[in-house]
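Reading through the structure tokens given below for one structure.
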Amino acid sequence: MQKKLIDWYFLNKRDFPWRKNENPYAIWISEIMLQQTTTEAVIPYYNRFMKRFPTIQSLSSASLEDIYKMWEGLGYYRRAKHIHETANVIATKYNGLFPTSYKDVLALKGIGPYTAGAICSIAYHLETPAIDGNVLRIISRVYHIQDNIALSQTQKQITNIVQDLLKGYDASSFNQGLMDLGATICRPLNPKCEQCPIQSHCQAYATNQQKILPINIKNIKHKELNYITGLITYKDQYMLIQNKQGLLENLYGLIQYECESPYSFIEEFEKEYGYTLTIDSYIKDIKHIFTHRTWHMHVYHFVLDNPNKYLYTFDELSQLPISTAHLKVLKTRI
């Protein structure tokens, strides 16, 4: 089965810029970007990011704000913060050279078992599993695993299976073959079993269970949050603040409160900032969906009676790393 998959991969592998070489730095950046983001969306961000930060040294010496600006629009900004922290660790602890052992790679900030396995197998050809959703799905079908793949014990079982499958084979080609097979053929819905190179080994296909497996039941709590969001201006300037912590840490955004009305917003604002606001108009309602929460932003235009230190011109806004949710609001007026 391994040979069939590897042979298929060499003939059909997808063309991505991070596959041009076996540079662990490039593989690391691509894998972090690909978390929660599609490959098609990642490619332009990856190319721009690598042009701006071609080496670990250039990344570690950059400011966090520069990195956030290059990351703008990708979402999950904590990934960018961890990249910066990890680049600094590699620059100081490893003299700017990416570590070569799975244990050391796994110990880096923001790198979990999948990412460590992907880096070590693709860059160094170590026999390390890289278990993502594609691999969980393929192995559950091939081995007819009926347990819930969202459970840690099932994931551990599948990791052990892949660990055994890697022995004596090129881990880079095998792991990437699984990734591509899951993305193009062994898809979550309507798998293309007639095109699958390992169909003859698939127990789910043999028992006509390929459209049932895997069992993937996640217990996710999703929050619905309602905000009054203020597009606050003074003459031709916009008021934005930098978030100190939380979901959009270090990104710039508009001021918003969980309150009942724009009049309540003014009260909260004046308590926090000590400036007087006047309501100009209601703009619109905007919804922004995160993984585990949805923001319902009821957007109003407010005008400051006096200037403050949080104001930015249109040109200055373009230089700031701004949250995607609040870019949607700004685009209603800019």
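The values are calculated or read from the model by the stated rules, or taken from the named source; none is laboratory data. None of these values were measured; they are calculated from a predicted model. Virtual Cβ from ideal backbone geometry, glycine too; neighbours counted across all protein chains shown. Ligands, DNA and RNA are stripped out before the accessible areas are found, and what is left, the full protein with its side chains, is counted by its heavy atoms. Shrake-Rupley method; radii C 1.70, N 1.55, O 1.52, S 1.80 Å.
Descriptive notes on the structure:
- Taken together, TYR300, TYR257, TYR234, TYR275 contain a single residue that is aromatic (Phe, Trp, Tyr), open to solvent by 20 Å² or more (accessible area, probe 1.4 Å) and within 27 Å of ASP66 (Cα to Cα), which is TYR234.
- Only one of ILE43, ILE32 that is within 12 Å of the chain's Cα centre (by Cα) and under 26 Å from THR291 (Cα atoms): ILE32
- Within segment 309-334, residues that are on the phi < 0 side of the Ramachandran plot have Cβ atoms under 8 Å from residues that are of a type in the set (S, T, N, Q) in these pairs: LEU311/GLN237; TYR312/GLN237; THR313/GLN237; PRO321/ASN250; SER323/ASN243; HIS326/THR229; VAL329/THR229, counting only partners at least 6 apart in sequence or on another chain.
- Helices (runs of 4 or more DSSP H) contained in segment 47-116 and holding at least 2 residues at pLDDT 95 or above: 56-60, 78-93, 102-106
- Condition check for TYR205: assigned to a strand (DSSP E or B), touching a residue at least 24 places away in the same chain (Cβ under 8 Å) and crowded, with 17+ Cβ neighbours inside 10 Å: no
- From the options ILE212, ILE158, ILE185, residue that is in contact with a Leu (Cβ under 8 Å, 6 or more places away or on another chain), of a type outside the set (S, T, N, Q), free of Cβ contacts under 8 Å to residues at least 40 places away in the same chain and closer than 28 Å to GLU40 by Cα: ILE158
- Test: residue in segment 27-36 that is outside any loop (DSSP other than H, G, I, E, B), open to solvent by less than 30 Å² (accessible area, probe 1.4 Å) and in contact with a Lys or Arg (Cβ under 8 Å, 6 or more places away or on another chain): yes
- Positions within segment 166-202 being open to solvent by 70 Å² or more (accessible area, probe 1.4 Å) and either among the small types (Gly, Ala, Ser) or under 15 Å from HIS125 (Cβ atoms) (or both), in sequence order: LYS167, GLY168, TYR169, SER200
Here is a yes/no grid of residues against (1) in a helix (DSSP H, G or I); (2) touching a helix residue (DSSP H, G or I) at 6+ places or on another chain (Cβ under 7 Å):
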{"residue": "ILE158", "(1), (2)": "yes, yes"}
{"residue": "TYR169", "(1), (2)": "no, yes"}
{"residue": "ASN175", "(1), (2)": "yes, yes"}
{"residue": "LEU178", "(1), (2)": "yes, yes"}
{"residue": "ARG187", "(1), (2)": "no, no"}
{"residue": "ASN190", "(1), (2)": "no, no"}
{"residue": "PRO197", "(1), (2)": "no, yes"}
